[in-house]
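Report on one structure; see the data block that follows.
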Amino acid sequence: MGADILGIAEHLDGVVAPSTFEVIGKAIALADASGGAAKIALLGSGTTAIASSLASTGVEVLHTEDASLRDYTPDAYGQVLRGLLASIAPRLVLAAHTAQGTDLAPAIAASADLPLVTNCVDLSLEAGTLLATRRMFNEKVEGVFELSSDRAYVATLRPGATKPARASPGGRVSSVPVALDPTKLPTRVLRLERPEVSDVDIGSADVVVAAGRGIQKKENLALVEALAKRLGGVVGASRPLTDNEWLPKARQVGQSGKTVRPKLYLACGISGAMQHVSGMKDSEFVVAINTDPSAPIFEVAHLGVVANVLELIPALLKELGP
Amino acid sequence: MALNVVVCLKQIPNPDLQFQIAPDGLDIRRDALNYRVNGSDEYALEEAVRTKEKHGGRVVAVTAGPKRAEQMLREALAKGADEAVRVAYEDPGAYDVGRTARILAAALKTIPHDLVLTGVQSDDLIGSATGGLVAGFLGLPHASVVTRVDVKGTEIEVACELEGGLQRVMSVPMPALLTIQFGANMPRYAPLPAIMKAARQPIRELGPAALGVPSWDALAGPYAFRVRRLTPPAARGRAELVTGAVGEQARRLAQILREKGFVRR
């Protein structure tokens, strides 16, 4: 068992995912504790520029280039990473808790029979034991879990929970050649589908009035629309509303929808699940209206109103006047 | 091609509740909770039933959980599952996803499957790990965060949701495991006669002996897992609260919005 921390880089269309720099930041901190080095695995095709941008954080980039790594698949990534696991024997393998990370980390943990903990807001090593801090039960409970093993740990880190690595000297790129077994690549990527262009761009609005499950019925959207109009803003939504097709998908704020940073974000009846918060937490001024005083949205809001939106919005519209 | 579809379901405490920590700090207090089927699992069940309706075959609903989860399995039967199996893993918290997944995978080895569906995450522990782990233990190809399923012969074409509204369309050969995302379909309501029928249907129970092991510990992974402590989250920048009756709250909020320049006239 070595002491190195192996991060996994994520990229799409030649752009590194911001969460990758958070993975590197945490890998560097953990490597200090384990007495090893932070290394980052970069897999892809035509990713030389990405390799140098990752190396600018001061870590060693283990760079594997292959045509079959052009798109992410768990099969091809799994093959390469199992090879890296065998050659460097890291103490911990760390990915971001993103669509790719949640697909890859469990697959590696299971196929290599390694302990796994996911969606961590913090991680530390204490004499070889991994301490994982997680948020659960709609963000209302925090837990610290201990995993002890002489095998490598596999973990995923929640995006936005930790600080990204800063520029630092001493990084380098090491090429890691690979011979992939094409008979063991069952998954084929056919194409990428881009989101539809919409009439309203919630990403560029100064004021977003967002509706959540608390509005209860589609008809009540009219209230939210009236408030958005009065404030010169646009209507956004949390996932359940676009899933129910009350509003088009392009209005969804969150990890799987749009990230918005308006001057005013007014969350109406939104509880504030991780998925949603990651898409609006950097808004300049956040007002939350929700009946549940323990709702996690009140953690990211600057101003909170514990009230039923269906009563509060009509009263607010009356105060604001026509 | 008639398909054997297995859908894995989890019963979770209603996430809209307020939660308290048990006195020993190792679980939440469970004496006053109400439970329901996990959100994305409803979409996985619906996808399973639709697949059967379109291509023929049968749907087996499986859970690894305590006796209370039988209620959820009966709902699955009422919504179109043909058989329900409870893997008798009685741990109420089940915080170690590796253990749950090892037990679930051992059970699935005894149940024929061309397609295994799970929800994308459980809304209580939000780990998004069970599906991928089970696929790995069973050696199945898998795809995650699936919003569209299209069976084409012995392959499945799936759309997988990425960040920012992008979708990756992939082809996966069966047998395979898919984790199904919210919004993949419109889950149905169970008709009343089906609910009444499901109340009388048997639920098959699988304990360690049925899977050929002396206890669940015999399936344990190469690590020790322990809950150190659960706490309410440290308050990070709690919102300043506008108090009072609704009228007063609205007046104060309007005033603040005006002061900050968000009201133009």
Which numbered condition trips up residue B:136, out of (1) over 25 Å from residue B:202 (Cβ atoms); (2) touching a residue at least 12 places away in the same chain (Cβ under 8 Å)? (2)
Among the residues that make up the stretch A:210-224, is at least one of them more than 30 Å from residue A:19 (Cα to Cα) and assigned to a loop (DSSP other than H, G, I, E, B)? yes
Any residue in the stretch A:155-171 that's over 13 Å from residue A:94 (Cβ atoms): show its pairings with residues that are hydroxyl-bearing (Ser, Thr, Tyr) and modelled with pLDDT under 95 at Cβ separation under 8 Å, as long as the two are six or more apart or on different chains. A:160/A:278
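Quick check on my filter: what residues within the stretch A:128-165 are of a type in the set (Lys, Arg), more than 28 Å from residue B:30 (Cα to Cα) and out of contact with any Leu (no Cβ under 7 Å at 6 or more places or on another chain)?
Of the residues in the stretch A:128-165, the ones of a type in the set (Lys, Arg) are A:134-135, A:140, A:151, A:158, A:163.
Add one more test, that the residue is more than 28 Å from residue B:30 (Cα to Cα), and what stays is A:151, A:163.
Within the stretch A:128-165, A:163 is the sole residue that qualifies.
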State yes or no: is residue B:53 within 14 Å of another protein chain (Cβ to nearest Cβ), at pLDDT 95 or above and either buried (at least 18 other Cβ atoms within 10 Å of the Cβ) or outside any loop (DSSP other than H, G, I, E, B) (or both)? no
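So is residue A:283 more than 10 Å from chain B (Cβ to nearest Cβ), among the polar types (S, T, N, Q) and either under 25 Å from the mean Cα position of the chain (by Cα) or in a loop (DSSP other than H, G, I, E, B) (or both) or not? Don't jump to the end; show me each part of the working.
On the way: more than 10 Å from chain B (Cβ to nearest Cβ): yes; among the polar types (S, T, N, Q): yes; either under 25 Å from the mean Cα position of the chain (by Cα) or in a loop (DSSP other than H, G, I, E, B) (or both): yes.
Criteria met by residue A:283.
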Looking at residue A:112 and the list (1) at pLDDT 95 or above; (2) more than 9 Å from chain B (Cβ to nearest Cβ); (3) surrounded by fewer than 19 Cβ atoms within 10 Å (Cβ to Cβ), which single condition is not satisfied? (2)
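Given the criteria over 23 Å from residue B:154 (Cα atoms) and either under 16 Å from the mean Cα position of the chain (by Cα) or surrounded by fewer than 18 Cβ atoms within 10 Å (Cβ to Cβ) (or both), does residue B:61 qualify? Walk me through how you get there before you give the answer.
On the way: over 23 Å from residue B:154 (Cα atoms): no; either under 16 Å from the mean Cα position of the chain (by Cα) or surrounded by fewer than 18 Cβ atoms within 10 Å (Cβ to Cβ) (or both): yes.
When the stated conditions are applied, residue B:61 does not pass them.
Looking only at residues in the stretch B:3-15 that are of a type in the set (A, V, I, L, M, F, W, C) and in contact with a helix residue (DSSP H, G or I) (Cβ under 7 Å, 6 or more places away or on another chain), which one is surrounded by the fewest Cβ atoms within 10 Å (Cβ to Cβ)? Explain how you work it out, then say what you get.
Within the stretch B:3-15, the subset of a type in the set (A, V, I, L, M, F, W, C) is B:3, B:5-9, B:12.
Still in the list and also in contact with a helix residue (DSSP H, G or I) (Cβ under 7 Å, 6 or more places away or on another chain): B:3, B:5-9.
On the way: B:3: 21, B:5: 28, B:6: 26, B:7: 26, B:8: 30, B:9: 28.
Residue satisfying both the conditions and the ranking: B:3.
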Output the residues belonging to the stretch B:230-243 that are surrounded by 14 or more Cβ atoms within 10 Å (Cβ to Cβ) and farther than 23 Å from residue A:311 by Cβ. B:230, B:233
Residue B:227 vs. criteria within 25 Å of residue B:82 (Cβ to Cβ) and facing chain A (nearest Cβ under 7 Å): no
Any residue in the stretch A:241-261 that's within 8 Å of chain B (Cβ to nearest Cβ): show its pairings with residues that are of a type in the set (Lys, Arg) and surrounded by fewer than 20 Cβ atoms within 10 Å (Cβ to Cβ) at Cβ separation under 6 Å, as long as the two are six or more apart or on different chains. A:242/A:249
Output the number of the condition that residue A:73 fails; it satisfies all remaining conditions of (1) more than 9 Å from chain B (Cβ to nearest Cβ); (2) more than 23 Å from residue B:126 (Cβ to Cβ); (3) crowded, with 22+ Cβ neighbours inside 10 Å. (1)
Subset tally (residues that are more than 7 Å from chain A (Cβ to nearest Cβ) and at pLDDT 95 or above) for the stretch B:230-243: 0
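So, of the residues in the stretch A:118-133 that are within 21 Å of the chain's Cα centre (by Cα) and either facing chain B (nearest Cβ under 8 Å) or acidic (Asp, Glu) (or both), which turns out to be nearest to residue B:138 (Cα to Cα)?
Step one: filter the stretch A:118-133 for residues within 21 Å of the chain's Cα centre (by Cα), giving A:118-124, A:131-133.
Applying the additional criterion that residues be either facing chain B (nearest Cβ under 8 Å) or acidic (Asp, Glu) (or both) yields A:118-119, A:122, A:131.
On the way: A:118: 20, A:119: 23, A:122: 30, A:131: 28 Å.
Restricting to residues being within 21 Å of the chain's Cα centre (by Cα) and either facing chain B (nearest Cβ under 8 Å) or acidic (Asp, Glu) (or both), the top hit is A:118.
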Qualifying residues in the stretch A:286-322 (those that are assigned to a helix (DSSP H, G or I), of a type in the set (Val, Ile, Thr) and at the interface with another protein chain (Cβ under 9 Å from one of its Cβ atoms)) - the one farthest from residue A:213 (Cα to Cα): A:300
Looking only at the stretch A:144-184, which residues are modelled with pLDDT under 95 and closer than 28 Å to residue B:24 by Cβ? A:161
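Can you pull out the residues in the stretch B:99-126 that are assigned to a helix (DSSP H, G or I) and under 15 Å from the mean Cα position of the chain (by Cα)?
Keep residues of the stretch B:99-126 that are assigned to a helix (DSSP H, G or I), which gives B:99-108.
Once the filter is applied, which keeps residues that are assigned to a helix (DSSP H, G or I) and under 15 Å from the mean Cα position of the chain (by Cα), the stretch B:99-126 yields B:100, B:101, B:104.
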Condition first: surrounded by fewer than 15 Cβ atoms within 10 Å (Cβ to Cβ) and within 8 Å of chain A (Cβ to nearest Cβ). Now tell me which residues in the stretch B:244-254 satisfy that. B:247
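The values are calculated or read from the model by the stated rules, or taken from the named source; none is laboratory data. These numbers were taken from a predicted model, which means no experiment stands behind them. For neighbour counting, all protein chains shown are included, and Cβ atoms are generated from backbone atoms with ideal geometry for every residue, glycine included.
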